[in-house]
Amino acid sequence: MFTFRLRLLATALVAALTLSLGLSACSTPGSSGGGAGETPTIRVAYAQGLQANFYYALQHDLFAKHGVKVEGTKFDSGPALISALVGGSADVGYFGVPAMATANEQGAQLQVFSIANNAGDMAGLYVKPDSGIQSIQDLRGKKVATTQNTVAHIFLLIALEKAGMTPKDVQIEFYDPAGLVAGFDRGDLNAVFMFASVGAKFISSGARIVKGTTSTDLGVPDTGNFIASKDYTNNNKAALQKFLAAVDEATPIVNQDKATYIDALQKGIGLAGDQAQIIYDNQPSPCLTSSTLADSGSPVSLTPGGGFTKITQKMIETMTKLGILKSAPNVADFITSSVVEGVGK
């Protein structure tokens with residue numbers, strides 16, 4: 001029943017991807033890698049991510065400084081964002097591995113070429129203070145909500161597995177992020193497994209994170225990834241390296257100055273009140289640089305067989321085991337270190 005419901009709820013995403021793949025098959029990329037004397041343009045699609053370094057670079061014209069034009073477009077839903085990327089109306093997307101894996105199973109050829117940030121301890125199980133839920137085991141027989149086919153959804157499944165439970169032991173319901181916030185505020189939802197940008201809104205409303213449920217506790221870092229098609233990456237590597245050089249310049253600026261980070265995040269995704277500060281305070285090292293990602297010893301290294309491969313493998317294994325994916329793909333096809341390794345050289 002659980003697997004059937006997952007398939008049913010994924011129908012909208014699959015339909016969007018099918019249409020996009022059909023369109024992309026008969027179209028050419030709309031952006032330009034830049035001919036002689038031309039400035040390359042990269043169209044970036046993003047949703048409610050924590051890539052403060054990207055936002056700062058966009059807000060302070062750092063991309064132009066590094067010789068690339070960036071057109072950023074914020075999307076309100078994951079399916080629309082991925083549809084734009086696969087269909088060719090965006091060149092780079094910012095989202096998680098689960099959505100990428102689903103898109104690739106439908107025929108897309110997407111891969112992570114960089115990671116903007118690590119969301120630290122903010123992806124986890126959020127509950128109301130009077131919920132009586134002190135551990136993941138306390139969810140047994142109860143309702144827990146999340147957003148389908150996101151990192152939060154996969155982290156929930158991993159948390160259940162780690163606790164010796166299965167999805168059948170709980171009542172999983174799926175909502176979009178806005179629906180989760182509205183339901184939590186109304187009191188309809190007492191337990192929500194969610195990622196940082198939405199979790200900050202829950203904490204601002206008095207929620208707490210259940211001990212042992214964060215991505216750090218689960219040993220699977222919650223990363224915000226820059227993703228493009230293999231063809232785009234291969235054909236526009238120099239432009240992407242200029243893009244990352246600008247993001248790299250912004251990274252220490254937002255990491256080392258709390259006020260600057262908060263300002264970039266508030267302007268980037270419109271967080272209100274203390275929500276951006278909550279996110280900053282729960283991230284030991286908010287944003288990442290290309291040198292870290294190119295370092296084979298880094299826990300989030302993009303190098304072959306590196307830390308990010310292990311993170312991705314765990315997510316893919318969980319998705320395959322529970323029937324979200326029909327078969328296990330080759331994780332190596334999902335990741336390339338070729339872009340970050342050339343930044344600054």
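The slack between GLN59 and GLN313, meaning 0.36 nm per residue of separation minus the straight C-alpha distance, is 88.0 nm. For the pair SER338 and LYS230, label points projected 7 Å from Cα toward Cβ lie 1.0 nm apart.
What's the extension gain from LYS211 to SER327 if we count 0.36 nm per residue and subtract their Cα-Cα distance?
38.5 nm
By its C-alpha gyration tensor, with a ≥ b ≥ c as the square roots of the eigenvalues, how is the range 40-132 shaped: rounded for a/c under 1.5, else prolate for a/b larger than b/c, else oblate? Oblate, since a/c reaches 1.5 and b/c is not below a/b.
Count the net charge of all other residues whose Cβ sits under 9 Å from the Cβ of ARG43, scoring Lys and Arg as +1 and Asp and Glu as -1. So the environment of ARG43 carries a net charge of -2. Calculated from the alpha-carbon coordinates, the range 167-271 shows an Rg and a Dmax of 18.1, 50 Å respectively.
Taking a straight line from the alpha carbon of LYS65, these aspartates and glutamates sit under 17 Å away, with near neighbours fewer than eight places off in the same chain left out: GLU38, ASP248, GLU249.
How tilted is helix 237-256 with respect to the longest principal axis of the chain? Cα atoms for both, answer in degrees (0 to 90, nearest 10). So the inclination is approximately 60 degrees. Counting only alpha carbon atoms, the long axis of helix 78-87 and the longest principal axis of the chain meet at about 30°.
Put simply, the amide H of ALA116, placed in the peptide plane, has neighbours under 5 Å in GLY224, ASN225, PHE226, leaving out anything fewer than 5 places away on its chain. In the chain, Cα pairs under 8 Å separated by at least six residues give a relative contact order of 24 percent.
State in Å² the accessible area per residue of the range 195-345; use a 1.4 Å probe, count heavy atoms of protein chains only, and round to the nearest integer. It amounts to 40 Å² per residue over the range 195-345. For the range 194-219 versus the range 267-307, the spacing of their alpha-carbon centroids is 16 Å.
Pairs exceeding a 26 Å alpha-carbon distance, out of LYS201/LYS326; LYS69/LYS345; LYS142/LYS211; LYS69/LYS237; LYS69/LYS201: LYS201/LYS326; LYS69/LYS201.
Split the accessible area of the chain by element, probe 1.4 Å, and carbon with sulfur accounts for 52%.
Taking the longest Cα principal axis of the chain as reference, the axis of helix 11-25 is set at about 10 degrees. Label separation (ALA178 vs ASP281): 2.9 nm, computed from points 7 Å beyond Cα along the C-beta direction.
Hey, with R₀ at 41 Å, roughly what FRET efficiency would MET165 and GLU71 work out to, going by the Cβ-Cβ distance, to 0.05?
Here the calculated transfer efficiency is 0.40.
Taking volume of the Cα convex hull per residue in Å³ as calculated from this structure, the corresponding entry among (i) 169; (ii) 118; (iii) 221 is (ii).
Need one word for the range 251-345: rounded, prolate or oblate. Basis is the Cα gyration tensor (sqrt eigenvalues a ≥ b ≥ c); a/c below 1.5 gives rounded, then a/b vs b/c decides.
oblate
The values are calculated or read from the model by the stated rules, or taken from the named source; none is laboratory data. Here the structure is a predicted model, which is why all the values come from computation and not from measurement. Quick reminder, even Gly has a Cβ in these numbers, built from the backbone with ideal geometry, and neighbours come from all protein chains shown. For accessibility, only protein heavy atoms count, side chains too; no ligands or nucleic acids. Shrake-Rupley method; radii C 1.70, N 1.55, O 1.52, S 1.80 Å.
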